[in-house]
Number of protein chains: 2
Amino acid sequence: MRLDHVGIAVADLEAAQDRWAQLGYRPKAQGEVSTQGVRVAMLAAPGGGPQLELLAPTGPDTPVGRFLAKRGEGLHHLAFAVPDVAKALADLRSAGARLVDEAPRPGFGGHLVAFVHPSAFGGVLVELVQE
Amino acid sequence: MRLDHVGIAVADLEAAQDRWAQLGYRPKAQGEVSTQGVRVAMLAAPGGGPQLELLAPTGPDTPVGRFLAKRGEGLHHLAFAVPDVAKALADLRSAGARLVDEAPRPGFGGHLVAFVHPSAFGGVLVELVQE
């Protein structure tokens, strides 16, 4: 279990990349998760460690589009790498956590991921990512 | 430059610590920053890496109290460790960033810290912490 990345909702991917370049974050991968209606830019940390995942919606009626309309740009989620997403999800379900994804699904870069509802972690949206 | 911790606003420090224990985070230090009206619990990551800083307000008319009233519990800020907070602050000011703290000040644990206004990082409140 380690912090893999911090997800940040942004209106414009390119402007956001310039912003974080000030702190040494560099573009590592870019793409789209069409099932979630989101364009993604993954930024590598200058000295290794957790990445920043910039998320820009492809339209207003998408999860990140609705987030931006409600809260504006800013911190969106924390993603933790785990050896087995299905097992971690089952453990959290047993502990009473409400889940967004009942089973792991492919996320950015084809990694298996699953989201846990913010109610389980005091308002923090948590993503589990297969290592 | 590395991600030192993720700040999370919470209503109740003890309940929040139990929550994050599910992901292996363990209490490392606890205290109060009276000038900011906040009680702090620093949680160590299971495998090292960035810590979680839980922030509970001592009253409603404090920065974290107002944050909770407006947005509820959740992600609050990202803190980056830098070798020289004063220099990093000067660099950001030169680049046009709006600052919360014009000069470094003592933060939790006596570390020199300074906050940069969320407008400089697309809605993300950024803290600089002296290494």
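Just so it is clear, none of the values below were taken in a lab; they were calculated from the coordinates. Here the structure is a predicted model, which means the values were calculated and not measured. Cβ sites come from the backbone with ideal geometry, for glycine too, and all protein chains shown count toward neighbours.
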Please check which bits of region B:7-42 a label hung off residue A:71 would reach, taking the label as a point 7 Å along Cα-to-C-beta and the cut-off as backbone N under 18 Å. B:7-12, B:16, B:20
HN-Hα J in Hz across region B:39-48 - Karplus 6.51, -1.76, 1.60, θ = phi - 60°, x for Gly and Pro: 9, 10, 10, 9, 10, 7, 6, x, x, x
So what J values fall out for region A:118-127 if you push phi through Karplus, 6.51 cos²θ - 1.76 cosθ + 1.60 with θ = phi - 60°, rounded to Hz, Gly and Pro as x? x, 5, 6, 10, x, x, 9, 6, 10, 10
For residue A:2, other-chain or 5+-apart residues with amide H closer than 5 Å (H placed, Pro excluded) are A:81
If amide hydrogens are placed 1.01 Å from N in the peptide plane, which non-local residues have theirs closer than 5 Å to the one on residue B:49? none
Helix A:85-94 versus the longest principal axis of chain A: what is the Cα-based angle in degrees, 0 to 90, to the nearest 10? 60
Using θ = phi - 60° and the Karplus form 6.51 cos²θ - 1.76 cosθ + 1.60, what ³J(HN,Hα) does each residue of region A:53-58 get, whole Hz, x for Gly and Pro? 10, 8, 10, 10, x, 7
Could you tell me which residue in chain A puts its beta carbon nearest the axis mapping A onto B, with the distance rounded to whole Å? A:75, 2
One decimal, nm, nearest first: from residue B:26 to the same residue in each other copy, label points 7 Å out along Cα→Cβ, the values are 3.5
When the Kirkwood radius is taken over all Cα pairs of the protein assembly as shown, what Stokes-Einstein diffusion coefficient follows at 10 °C and 1.306 mPa s, in µm²/s? 85
Distances from residue A:94 to the same position in the other copies: list them in nm, one decimal, shortest first, using label points 7 Å from Cα along Cα→Cβ. 5.6
Rounded to a whole number, the mean other protein chain Cβ count within 10 angstrom for residues of A:114-126 is 5
Ordering A:45-58, A:90-103 by per-residue average of other C-beta atoms within 10 angstrom, highest first, gives A:45-58, A:90-103
What base-10 log of the normalised intensity I(q)/I(0) is obtained for region A:32-120 from the Debye formula, alpha carbons as equal point scatterers, at q = 0.20, 0.22 Å⁻¹? -1.13, -1.27
Dipole magnitude of region B:2-130, debye to nearest 20 (Cβ charges: Lys/Arg +1, Asp/Glu -1, about Cα centre): 180
Which distances, in nm and shortest first, link the residue A:12 label point to the same label point in every other copy, taking 7 Å along Cα→Cβ? 4.4
Counting only C-alpha contacts under 8 Å and six or more residues apart, can you give the relative contact order of chain B as a whole percent? 25
